[in-house]
1. For Glu247, state whether it is open to solvent by less than 40 Å² (accessible area, probe 1.4 Å) and assigned to a helix (DSSP H, G or I).
2. Just to be sure I understand, how many residues within the stretch 195-214 are on the phi > 0 side of the Ramachandran plot and modelled with pLDDT of 95 or more?
3. For the stretch 216-232, give me each residue that is farther than 10 Å from Arg122 by Cβ and surrounded by fewer than 18 Cβ atoms within 10 Å (Cβ to Cβ).
4. Sort out which residues of the stretch 96-138 are without any contact (Cβ under 8 Å) to a residue 60 or more places away in the chain, over 14 Å from the mean Cα position of the chain (by Cα) and over 13 Å from Leu185 (Cβ atoms), and write them in order of number.
5. Scan the stretch 293-329 for residues that are open to solvent by less than 60 Å² (accessible area, probe 1.4 Å), more than 17 Å from Leu253 (Cα to Cα) and modelled with pLDDT under 75 and report the count.
6. I need a count of the residues in the stretch 12-36 that are part of a loop (DSSP other than H, G, I, E, B), open to solvent by less than 20 Å² (accessible area, probe 1.4 Å) and of a type outside the set (Gly, Ala, Ser).
7. For Glu68, only one of the following conditions fails: (1) part of a loop (DSSP other than H, G, I, E, B); (2) in contact (Cβ under 8 Å) with a residue 24 or more places away in the chain; (3) open to solvent by 20 Å² or more (accessible area, probe 1.4 Å); (4) within 25 Å of Thr200 (Cα to Cα). What is its number?
8. Of Gly195, Gly128, which residue is of a type in the set (Gly, Ala, Ser), open to solvent by 10 Å² or more (accessible area, probe 1.4 Å) and out of contact with any helix residue (DSSP H, G or I) (no Cβ under 8 Å at 6 or more places or on another chain)?
Amino acid sequence: MIPGDLPLVSVIIVSWNARAELTNCLATLTPRACQYPMEIIVVDNASTDGSAELVEQRFPTVHLIRNEKNLGFARANNIGIKAASGEFLCLINSDVEVLDECITKLVDFLRLNPDIGLVGPRILGRDGKVQRSCRGFPGVWNMFCRALALDVVFPNSQICGGYLMPYWPQDTIRPVDILSGCFWLSRKEALLETGLLDETFFMYGEDMDWCKRFRVRGWDVVFNPTAEAIHHGGASSANAPIEFFIEKQRADLQYWRKHHGWLAQRCYFAISCLHHLIRIFGHCCALWCGKKELQETHLKVARGYRCLRWLLSSNKHSRHDWEEKVCVG
């Protein structure tokens, strides 16, 4: 951004112990990705790997905000949003590489479509394949289909695949229920009307909740594959994979308590237990048959077991143990 220019776009990145990924992310935020005046805000969640020091040394024009402890994804993003001055706010994960013209295309798209409050690009994996970054809102039926893997057995069925939407190749511009929180671009007007991210979601779940609230407020949420970004995935969760998996389950339950009635919540709880039981059994069978990579399958069995045990425990609404583990890295 030229000194003296007011930014049109504010890019907000929350980082926790993801030094290498954050470096790559910042290196891609150039005029080739966004031709408009842009400010970059990094909110560091008390990283211990030198991430914040690297930003200060190698990216002096970046606005760095240091949190004294890990405040979680939603709260840290809100800190960045409050510090932002752009007309458009771009929230991206630290493990995302922004490809050429990505932000430019999304900004232009929002300018041409005033009813759209939130837009996301097509997300590619490091292998160049499309990552599924759009979902339907979770409901009893589509979660039951997901638990039984009916969306895998019948990938072309909209009836069975309403949550992960495997029948749609994500190659067209269309309104969607949920955009993955790894990359969002919002107009400030819509964001202010919808409200900040719900900080009671420590990590995960805030994407479902925020998209739901945009839709309730009358703003469209749209997927636009003409813009693309690469998501490496797992930059922070690799530090504590089982704990992050449990936190995702916790966030899902929290979403259901916020947006669904008592009966639907009980149904979802039972479906979640069924989901993990089926996966544990399937992965154990794969281990016994020797059909899958040993270490990865062991991890899947362990996380499924730990998550099921957590679901059936009496203190599953407490986050104390999770925060202790994550905050110390």
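The values are calculated or read from the model by the stated rules, or taken from the named source; none is laboratory data. Remember, predicted model here, so these are calculated numbers, not experimental data. Cβ sites come from the backbone with ideal geometry, for glycine too, and all protein chains shown count toward neighbours. Just the protein is used for accessible areas: all its heavy atoms, side chains included, with ligands, DNA and RNA removed. Shrake-Rupley method; radii C 1.70, N 1.55, O 1.52, S 1.80 Å.
1. Criteria met by Glu247.
2. So the count comes out to 1.
3. Scanning the stretch 216-232 gives Val216, Arg217, Gly218, Asp220.
4. Within the stretch 96-138, Leu112, Pro114, Asp127, Gly128, Lys129, Val130, Gly136 qualify.
5. Final tally of qualifying residues: 3.
6. 3
7. Checking Glu68 against (1) part of a loop (DSSP other than H, G, I, E, B); (2) in contact (Cβ under 8 Å) with a residue 24 or more places away in the chain; (3) open to solvent by 20 Å² or more (accessible area, probe 1.4 Å); (4) within 25 Å of Thr200 (Cα to Cα), the one that fails is (2).
8. Step by step, each of Gly195, Gly128 is checked, and only Gly128 is of a type in the set (Gly, Ala, Ser), open to solvent by 10 Å² or more (accessible area, probe 1.4 Å) and out of contact with any helix residue (DSSP H, G or I) (no Cβ under 8 Å at 6 or more places or on another chain).
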